[in-house]
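Notes follow the structure.
The values are calculated or read from the model by the stated rules, or taken from the named source; none is laboratory data. Just so you know, these numbers come straight off a predicted model, no measurement behind them. For neighbour counting, all protein chains shown are included, and Cβ atoms are generated from backbone atoms with ideal geometry for every residue, glycine included. Areas reflect the complete protein model, heavy atoms only, side chains present, ligands, DNA and RNA absent. Shrake-Rupley method; radii C 1.70, N 1.55, O 1.52, S 1.80 Å.
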Amino acid sequence: MKDTPLSNCERDFLLKAIEEKKRLDGRQTYDYRKIKITFGTDYGCCFVDLGQTRVMAQVSCELVAPKESRPNEGIMFFNLELSPMASPAFEQGRQSELSVKLNRQLERCLRNSKCIDTESLCVVSGEKVWQIRVDVHTLNNDGNLMDAASVAAISALCHFRRPDVGIQGEEITVYSPEERDPIPLSIYHMPISVSFAFFQQGTYLLVDPCEREERVMDGLLMIAMNKHREICSIQSSGGIMLLKEQVMRCSKIASVKVSEITELINKALLNDKTARKAGGRCGFAESMPQERITALKMDQTSVEMTDVSETVSSIVQTAEAPPQTVPSPLVPVPGVGQIGEGLRNTWGLEEEEEEEEDDGESSGGDSVAEVTKMEKEQHKDDKSRKVDVVEILDSDEEEEEVVILYPETTKKAKNTGSGQKGAATSRKQQKK
């Protein structure tokens, strides 16, 4: 994945700020970012934070056969890996031009400077020697990876301890740390790389460039030096022409920075050594912040317990009795319930609705009973009237439709019947 390029506005803004001797993070021209060095639980594990740039170095060792040209010397191997976790521009499993350049510069800085006594790594001449491997992993990239990698590598080498070895005849015995104390490496000096960025063909100079400043720079000068003002390696990239005075000025600045970083490394090593010897917190445990909820730790406060019973009795005697509060059984607002002993644990609206539903059901049942009675009476009347019933069936519908036809003769029949009764009564009266 390619990195997102800077826009013209960002590029012009950075160059204009550099011309005015201003930087994005507020540093001065020759200022380094804050360096933090922490060590892991095992020997040879080191983390270096250079601002937002974070690098981890791990040192390991194994017994191997020596080189034929140098049978009495151990082997040093360096590997710097650019992880995609550090930047989306880095690809995994594929060495880029930047990784090759950083690996070569790291080897020149540490191996070619003879900072480690390789002859002390020989176990049996021509047969077995120690191979020291230094793996540097980039965890976050915010510029100036070379300086952070060199500090992490030399700090890890100073912190590393190799197992002790015993030789009896042709048998080689490697002792564990429990059996014998591991042995530190023999280190002559500590070379540290310092990077300088040049802008506008060497007109402006910055120390420890960040990631955005690296994008707009014209050239880069890396000087590896120890605290004795000895230059171990020097490399220029970018294709700019530097004058002799510029290189000398950079070397003077590098000597000051290297002495400060060397003192910081020695202080970190001493603190880790004293913490391990005292059995205190060291490694990752030391870097964990305290006074958090997850730490489950609280500061103890002193409490005076001498006159507790007397003060309690006096407080109880002088205290007023609490007023008796009678809870209100009424619900203040419909739809709000009150919870507690002696309170209405109901909801007003729901009860009203339920009561309405119950009333509706009871009234509905009465009406249904009345309707059934009326239907029965009508049915009896119809039977007594002997009314013709005509049933009309609908074939399309499932239910049957019943139509009752009342003939018009029923009223006349009633009238005639009443007339006949009246005539019969009049005849009886006449006979009498």
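Observations on the model:
- Condition check for residue 234: more than 38 Å from the chain's Cα centre (by Cα), open to solvent by less than 60 Å² (accessible area, probe 1.4 Å) and of a type in the set (Val, Ile, Thr): no
- Residue-level check: of (1) more than 28 Å from residue 96 (Cβ to Cβ); (2) open to solvent by less than 70 Å² (accessible area, probe 1.4 Å), residue 16 misses just (2).
- Flag if residue 141 is over 24 Å from residue 183 (Cα atoms) and among the polar types (S, T, N, Q): yes
- Applying a threshold of 7 Å to beta carbon distances and a minimum spacing of six or more residues, or different chains, the list of pairs starting in segment 44-69 at a residue that is under 20 Å from residue 121 (Cα atoms) and ending at one that is open to solvent by 40 Å² or more (accessible area, probe 1.4 Å) and not in a strand (DSSP E or B) reads 65/127; 66/73; 66/126.
- Per the listing 101, 67, the residue uniquely more than 21 Å from residue 211 (Cβ to Cβ) and open to solvent by 40 Å² or more (accessible area, probe 1.4 Å) is 67.
- Enumeration of residues in segment 83-118 that are free of Cβ contacts under 8 Å to residues at least 60 places away in the same chain and touching a Ser or Thr at 6+ places or on another chain (Cβ under 6 Å): 83, 86
- Inspection of segment 230-245 finds a residue satisfying the criterion of being modelled with pLDDT of 90 or more, out of contact with any strand residue (DSSP E or B) (no Cβ under 9 Å at 6 or more places or on another chain) and not in a helix (DSSP H, G or I).
- Condition check for residue 255: within 12 Å of residue 191 (Cα to Cα), part of a strand (DSSP E or B) and open to solvent by less than 30 Å² (accessible area, probe 1.4 Å): no
- In segment 134-154, of all residues being farther than 10 Å from residue 192 by Cα and open to solvent by less than 10 Å² (accessible area, probe 1.4 Å), the one that is modelled with the lowest pLDDT corresponds to 143.
- Of the residues screened, residue 9 is not one that is assigned to a strand (DSSP E or B) and either free of Cβ contacts under 8 Å to residues at least 12 places away in the same chain or in contact with a Gly (Cβ under 9 Å, 6 or more places away or on another chain) (or both).
- Output for segment 77-91, where each listed residue is polar (S, T, N, Q) and either over 27 Å from the mean Cα position of the chain (by Cα) or within 19 Å of residue 58 (Cα to Cα) (or both): 79, 83
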